[in-house]
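No lab work stands behind these numbers, since they all come straight from the coordinates. Fair warning: this is a prediction, and the values are worked out from it, not measured in the lab. In this analysis, Cβ positions are derived from the backbone assuming ideal geometry, glycine residues included, and neighbour counts consider all displayed protein chains.
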Amino acid sequence: MNPTIDYHAILPELILSGTLVVVLVVDVFLRPPRKWLAMPLSFAGVLAAFVATLTLIGADRTTFGGSYHVDPFAVLFKVFFLSVAMIVLFLSLRYFREGRYYQGEYYFLLLSSVLGCVMMPSSRDLLMLFISLELVSAPAFLIAAFRKNDPRSNEAGLKFFLIGVLSSAVMLYGMSLIYGVTGSTNLYEIGKALAGHLGGQETLALAAILFVVTGFAFKVSAFPFQFWAPDTYEGAPVPVTAFLASASKAAGFTGLLQLMFVAFIHQAAFWGPVFAAFSIFTMSIGNLVALQQRQAVRLLAYSSIAQAGYMLLPFALAGHGVDKEAFAAAVTYILIYAIMNLGAFAVVVAVSRKSSALLIADFAGLMRNAPLLALAMTIFMVSLAGVPPTAGFWGKFFVFRAGIDAGGIGIALAVVMVVNSVISLFYYLAIPRQMILVEGPEEPMRSPALVTFVAALAAAAVIAVFVYPDLIAHFPPLSTLVGS
Amino acid sequence: MPWLSVTIFLPLIGVPILLFWRGIPDPVARGVALLASTTTFVVSLGLLGAFDASTPGYQLVERATWVRSIGLQYLVGVDGVSLFLVMLTTLIIPIGILASGSVTRNVRLFMACSLLLETAVLGAFLSLDLLLFFVFFEALLFPMYLLIGMWGSGRRVYAAVKFFLFTMFGSAFLLVAILFLFSRASGQFGRGTFELTKLQHLSLPPATERWLFLAFFIAFAVKVPLVPLHTWLPDAHTEAPTKGSIILAALLLKTGTYGLIRFNLVLFPEASHYFANAVSILALVGIIYGAIVAMMQSDLKRLIAYSSVSHLGFVVLGIFAFTQQGMSGGVLQMVNHGISTGALFLLVGLLYDRTHTRQLDELGGLADITPLLAGSFMVAALSSIGLPGLNNFVGEFLVILGTFTANRAFGVLAATGVVLGAIYLLWAYQRTWHGPPNERYRGLADLSRVEITAVAPLLVVMLVLGVYPKLLLDRINPTTNKIVQQVQVVRHDQRLLARGGG
């Protein structure tokens, strides 16, 4: 057999692969002061991949014998990951240019990780999923440790690496068991096989699902597998943290969505409660620990753990007759979360030029020194807390609505999430409080134009999505992944 | 003309100018805000003219689909309950802007917050779609937080955070309850909706209805505030800048009582009866507790803050008497309290700008030095006490009458609240203005022309409403009558779940 490859369907991936090779080669020929040119080069590649992805809108193509699928769900996430990549590139330029880093290698590794992200939503096969996930993680281990002279960055990379490898091993073991039970690695085939009679292997199948879920739980930093995240986020270069907290986390969720809602959907009665527990503990622990943080990146790290808890909630609703709604709620939340979180990190990148310790107290007086950044940061914090008039409100709204429509356990989960949202206000307000209400030293702050641009763009997006949530909420329900 | 939309969004016109014109001179910033808010007031007069007093239902309704996929619509309308709250809002905001001469830091942001608040409050009063209401209801929190936190005094940050968290806590459950109603509506009507007049016809099992009532009730009780959820209020009021206190007292607290009438009573009539006694007792506790604590205060502003707890208790008591007089009195008192307490906070603010203290034992003997200020304070205090001929008298009388016909004991207890009110306000008046002339304050300026412009309209309104309350009652009564009837249908047969007409 000689399967034909649909080159149009994998065009974005091909462009990205080409770009990352070019970036690495060109870097060799650049003199040190010009090494930063790797960034515009990478950007051009990502932009080309972005345009290539846009040509795939509305497509429904499969290639590689059904293991690679380009459908509306995949295109939505590809567009999203490539947009995030562009923003992270913007944030990286000045940071890496000024800090004596290996720039060519950084952009090469970042693009490799992005390639993994872009492959993830199309992977409808256990092996493809595993490859994508490794491609996201392996370069990320390295760039997390890119601040070589700071022990905290080394710790960040090492912790991330050890945990990542461990979770991969557990997941791979689970996948092998799934293959043993169902005789297939294709997600749709697995779904069909698991719907049928398993001939005494039900328990084994459930155990295998648990293993796979555990692997992904590490990835998305769900409790009790969350402890690497704060150290890694704090130690890694801030643009890398921005990437990890938005794209890498979203990639984990993309894989999880496909596994849970396609392959394992018939076992929802079993894993639904597991996710309910994940969700409750993840959001509560994240929020409670975040309350005590004094360092901005650690605060955002714990906030991102808590937010992961909100994103896990819709999974717990699977099998309650609201699958499509829950699925759309999870996707919408992931997208909205990424916008506001990236914006917040953009402001942190700007502030990191002034104070590398990044204590929350260092934000004092920002309203006077950099009013635009302070205003944007306030919008992001209000949005992360889910208060109108910001996009975060709709993110929470869709999750609540799915929960309440599911009834029973769904309502209980929605109430837990509501209580958590209120708790989260305590610490989300801490940064605006410093910026606006506390007097700081008066020293006008210059932030790189690209970073300011990202912050302003994200703030505008957060408000625009509030005014018209269909800018984002329109797309997730179009995906045919669930209920088809 | 789309009166309501114009009224709601007109203040927003000033916001981009204030936010994006970095170097705007302070007087221009004040001028822009004043112009935007006075124009809004003029437009709202047109709204008053367009209002048909004889119709009890919603008028001037405007409807547009906002987000189809969510079922969210932009649906606004006005009736006798909301009409005068809208008028009050459009009147109070420009007065507050006039009275904020002592604000010198970040004037442009202050003015932008004021205008954002005006839109949010107006939107909350006029929304007939639950989700739309919620969005406005929440949107007013952050500007208010900034107003207290940035321009307040003393422990302003603590007060601002406390305010924010208390109200967020309340409204979080409100959102869950609203979504629950939506979900039930999709079950019963085939498609989900947040529209108030449709959700009214939802049939709910009594136990569910009671839970929902409580979720709505907590959100609004925090705002009113009812004892024991009131503890944010004295802090917020005391630390807020003058304009912040005026807005809090006159407008924000009203979103709570307004919500009780508009949503709790109309959506959950059975549960409203079930909880009526409990709510009334909370209201009575508030009336008496608020009055007694007010008496003990040494800070004049805090004293007035506690008097709000007491006065708002009257409003809630009137609403939950389920009689027409009680309800009309409650609505009238919402407006009256806005005028009188708003005026008191304004005058205390002006006094503080001069003396830089609000401690009663440091004040005294000021009546001769600033006679206009003293005289205005006296009128406002007398109005707040409920002196016949001034505005509060009619409202309080109606509330007590309405309560008395429903439950004698409650009526009698409420009347003692009036007596206590007279004691603490007169005592405060005496300690502030009378006594031997105080050397420290010799040479203080009396009210300036701008300040008179801010104070005079409130005093005129007190007199007019006191002498001729019919102006309001004629427009309030048809609506309250209808609401009371709707609720009564359920009272006669508690098990009958069919609701009155929409």
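Think of the protein assembly as shown as a dipole: +1 on every Lys or Arg Cβ, -1 on every Asp or Glu Cβ, centred on the Cα centre; then among B:Tyr258, A:Tyr188, B:Leu426, B:Leu426 lies furthest on the positive end. Packing-based ranking of A:71-78, B:58-65, A:389-396 yields A:389-396, A:71-78, B:58-65, ordered from highest to lowest mean Cβ neighbour count within 10 Å. Any idea what the alpha-carbon Rg over 2.2 N^0.38 Å comes to for the range B:190-252? For the range B:190-252, the normalised Cα radius of gyration comes out at 1.59. With contacts taken as Cα pairs under 8 Å and at least 6 residues apart, the range A:1-101 reaches a relative contact order of 31 percent. Legend: mean number of C-beta atoms from other chains within 10 angstrom of residue C-beta atoms, peptide A:462-470, equals 2. If you wrap chain A in the convex hull of its Cα atoms and look at it from every side, the mean projected area works out to 21.5 nm². Compute the whole-percent fraction of alpha carbon pairs in the range A:117-167 spaced more than 16 Å apart. Of the Cα pairs, 46 percent sit more than 16 Å apart. For A:Lys324, a cut-off of 14 angstrom between C-alpha atoms picks up these aspartates and glutamates, skipping any fewer than 8 places away in its own chain: A:Asp405.
Diagonalising the gyration tensor over the Cα atoms of the range A:318-445 and scaling each eigenvalue by 5 before taking the square root yields semi-axes of 35, 14, 10 Å, largest first.
Between the residues A:Ala473, A:Gly286, A:Phe275, the greatest Cα displacement towards the positive end of the dipole of the range A:267-484, with unit charges on the Cβ of Lys, Arg, Asp and Glu, is found for A:Gly286.
When you restrict to C-alpha pairs under 8 Å that are six or more residues apart and normalise by the size of the range B:275-502, the relative contact order lands at 26 percent.
Applying the Kirkwood pairwise sum to the alpha-carbon positions of the range A:178-297 produces a hydrodynamic radius of 15.9 angstrom. Treating the range B:275-502 as a set of equal point scatterers at the Cα positions, no solvent, please give the Debye-formula log₁₀ I(q)/I(0) at q = 0.11, 0.12, 0.15, 0.18 Å⁻¹. After summing over all Cα pairs, the log10 values are -0.58, -0.67, -0.94, -1.22. Note: the protein assembly as shown, Cα convex hull, 161 Å³ per residue. With helices as the sole contributors, chain A gives -23000 deg cm²/dmol at 222 nm; each DSSP H run of n ≥ 4 counts as -39500 (n - 2.57), and the sum is divided by every residue. Our summary gives chain B a relative contact order of 16 percent, counting only alpha carbon pairs under 8 angstrom and 6 or more residues apart. Using the Cα atoms as the points, what is the convex hull volume per residue of the range A:267-484 in Å³? It is 107 Å³ per residue. With the simple model of a label 7 Å out from the Cα in the direction of the Cβ, B:Val450 to A:Val26 spans 5.9 nm. For chain B, list log₁₀ I(q)/I(0) at each q in 0.13 Å⁻¹, using the Debye formula over Cα point scatterers of equal strength and ignoring solvent, two decimals each. Log10 of I(q)/I(0), two decimals: -1.23.
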